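What follows is a short report on a single structure.
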Amino acid sequence: MTALRAAALAKQVLDSVDSAVPGAPQVINLLKENGKKVFFVTNNSTKTRKMYVDKLSVLGFNAKEDEVFGTAYCSAMYLKTVCKLEGKVYLIGSNAMREEMEAVGLQQTGVGPDHVLGKQTDWANVPLDPEVKAVVVGFDEHFSYMKLNRAMQYLTQPGCLFVGTNRDTRLPLEGGKAVPGTGCLLQAVETAAQRQAQTVGKPNHFMFDCVASQFGVDPDRCLMVGDRLDTDIMLGSNCGLKTLLTLTGVSTVADAEAHQKSGCAERQGMVPDYYVESIAELLPALQG
Amino acid sequence: MAGAFKGCQKIRGPQIRNLLDAKDFILLDCDGVIWHGEKAITGAAKVVNSLIRHGKNVVFVTNNCTRPRENYVHKFCRLGFTDVILEQIFSSSYCSALYLRDVVKIRGQVFVMGCDGLRRELDEAGIPCVEEADDPDATIYDCALAPDVKAVLVGHDDKMTFLKLAKASCYLRDPDCLFLATDNDPWHPLSSGRILPGSGSLIAALEVSSGRKATVIGKPSRFMFECISSQFSGVDPAQCLMIGDRLETDMLFGSNCGLDTMLTLTGVSQIEKAQEYRNSELTTNHSLVPDYVVDTIADFLPAFEELGEPSN
């Protein structure tokens, strides 16, 4: 078996309501015991790597901080290593994003509640911090018109970078409710500013680049495991990895077959090489 | 208007007079055409008053949904447009209320993301709206959702919060709940040359979260013209001239309704953009090209003076 990147587990474990997919912890732990390198790759931007490791431990996974790649960490790395940003960030995002940025030496402004005050002319003339050289958008429950306005004002300045963590459209909740995803907030800012952001998360290849640069990973010896065709499997395809779809999450076999039969070249990237009902199906192979 | 596609014809005095002779209805956008914020554009009040005195039906068609029509009447008066009455004003908020009352004949509540001006128009039309009081600590995880919400109406909302976006997304999960937008403008200019995020940015967020497309009431959709036509008991598009400053809303609106269009250069769009659309290989872009162009609405003044009428 090749080195496994347990993205399916990342999605199920890290984002869902505090329960592991049955058998998942055993699979991950056995893989590691068998000498495989395992990485967790998630588009969620609301936790630092440390927070993820804590959650993984509670659920029975043996995980180390440097094996976890969330978009809070990867956005900070992207700004630092690819953009080589010198200057501050106007951040629409969580405290976790703020922490990951500060950890790589990037200062930010904007996190937390920000309500509108005064009149329209005040908002258009909102004071801008001259040191801000980038606008970054992640998941933010404090998103407001004022934040949208500030982001737009910064983005009208020449040379201001524009980065988004990911484009996920919504997070399902129980009880028939739905939480708008980062993709919604990002689209609001992109529309007001009439500019497209560069996104860091899956399916963009940057997250794989992050893993590969730190761990000397050979794409030919990698397997990408995920439950979403448009993010996880697409990332695998974009980076030349083999891909495995697990059916315990968002996408179905019918979805995959529809992409396959579409005849559209772009959609072929969303067709997995393999699929399993659940990650637990790997157990017999690991235990035998 | 028929014939080879030309567009962008710059016209002056006698040509404007000839054009006016052929038109009974003059439709005017407001921001960037007759005023900038609280300042009337030089000559605009004289032009509007002259048009009315020459027997033209003058109506104002604006996507601005932030104030009720009564406030607009006061603004017109304040800025010197003394002959303008309520019935000449068609705002996207007023037309949204008409849409809900007369087209949809809504039964049930409307969840509104918009300003007080929009709510007042809805109240006046007798449209029940969900109360907007949120507990400051409420989150989508624990808040109650109103029953019987049959439409989500989105406009310019400076009190937009994540919670409101989340609530709207929940209501939109019901395919029987309508998704309406006062307008789709991504940003609005202020008189200072600065801009502010517009309704279009909020609608974009909800289109992503719901996977649905909003029905837009304001320009460039035809509905506001249908409101005008209905109020004046039938209006012949051939008798109309639409004057605006924004190619993507005013000119497209005129084109969609079969009206002649005129771009004035005192607002959002530049002549170069109009020429770009004209030269575009995409024929859909041709609908954004104005038939006529003037530098400012004040260019109409010589047309009245030539008639020997006092231009005041």
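Any read-out appearing in this document is the output of simple, stated calculations on the displayed coordinates, not a laboratory observation. Just so it is clear, the model here is predicted, and its values are computed rather than measured. With ideal geometry, Cβ positions are generated from the backbone for all residues, glycine too; neighbour counts draw on all protein chains shown.
Once both labels are positioned 7 Å from their Cα atoms along Cα-to-Cβ, the gap between B:GLU124 and A:ASP122 label points is 2.7 nm.
Per residue of A:188-201, other chain Cβ atoms within 10 Å of the residue Cβ number 4 on average. Calculated over region B:28-162, the projected area of the Cα convex hull averaged across directions stands at 9.5 nm². Shielding of peptide A:118-125 by partners, expressed as the average count of other chain Cβ atoms within 10 Å per residue Cβ, is 4. Each label was represented as a point 7 Å from its Cα along the Cα-to-Cβ direction; for B:GLN270 and A:VAL253 these points are 5.8 nm apart. Kirkwood hydrodynamic radius computed over chain B comes to 20.3 Å, based on all pairs of distinct alpha carbons. In vacuo Debye scattering of the protein assembly as shown, one point per C-alpha: log10 I(q)/I(0) at q = 0.05, 0.09 Å⁻¹? Per q value, in the given order, log10 I(q)/I(0) is -0.27, -0.79.
For B:THR182, A:THR48, B:THR42, the sequence from fewest to most other C-beta atoms within 10 Å is B:THR42, A:THR48, B:THR182. Label positions at B:GLN239 and A:ASN62, each projected 7 Å from the Cα along the C-beta direction, are separated by 8.6 nm. Residue by residue along B:152-162, Cβ atoms of other protein chains within 10 Å of the local Cβ number 4 on average.
Run through the DSSP bridge list for chain B and note the antiparallel percent, rounded to the nearest 5. So the antiparallel bridges amount to about 15 percent of the total.
Taking the Cβ of B:HIS188 as the centre, find all other residues whose Cβ is under 11 Å away and add up their charges (Lys, Arg: +1; Asp, Glu: -1). Charge balance near B:HIS188 sits at -1. Bridging of A:LYS47 to aspartates and glutamates at a Cα separation below 13 Å is possible for A:ASP15, A:GLU65, A:GLU99, A:GLU100, A:ASP140, once same-chain residues fewer than 8 apart are set aside. Bridge orientation summary for region A:85-199: considering DSSP beta bridges with both residues in this region, about 20 percent are antiparallel.
Neighbours of A:LYS80 by Cβ distance under 12 Å: Lys/Arg scored +1, Asp/Glu scored -1, total -2. Which net charge results when you count Lys and Arg as +1 and Asp and Glu as -1 among the other residues whose beta-carbon is under 12 Å from that of B:ILE127? That works out to +2. Loop-located chymotrypsin sites (Phe, Trp or Tyr not before Pro) in region B:111-180 (DSSP state not H, G, I, E or B) with no more than 15 neighbouring Cβ atoms inside 10 Å: B:TYR141.
Using a cut-off of 21 Å between Cα atoms, the listed pairs B:LYS10/B:LYS39; A:LYS32/A:LYS80; B:LYS75/B:LYS273; B:LYS219/B:LYS273; A:LYS202/B:LYS164 include B:LYS10/B:LYS39; A:LYS32/A:LYS80; B:LYS75/B:LYS273; A:LYS202/B:LYS164 as exceeding that distance.
Each of A:GLU67, B:GLU272 has some number of other Cβ atoms within 10 Å of its Cβ, and from fewest to most they run B:GLU272, A:GLU67.
Take B:289-300, A:101-112, B:123-134 and order them by the average number of nearby Cβ atoms within 10 Å per residue, most first; the result is B:289-300, A:101-112, B:123-134.
Taking a span of 15 Å or more along the helix axis (Cα atoms) and a mean Kyte-Doolittle hydropathy of at least 1.0 as the rule, the DSSP H helices of chain B that qualify are B:199-210.
Across all directions, the average projected area of the convex hull around the alpha carbons of chain A is 16.1 nm². Ordered by the number of other Cβ atoms lying within 10 Å of each residue's own Cβ, fewest first, B:HIS156, B:HIS286 fall into the sequence B:HIS286, B:HIS156. Looking at chain A, the DSSP beta bridges with both ends there are about 10 percent antiparallel.
In straight-distance terms, cross-link reach from A:LYS261 covers every one of the lysines whose alpha-carbon lies under 21 Å from its own, apart from those fewer than eight places away in the same chain; here that gives A:LYS242. The P(r) of region A:85-199 has a tail past 22 Å containing 31 percent of all C-alpha pairs.
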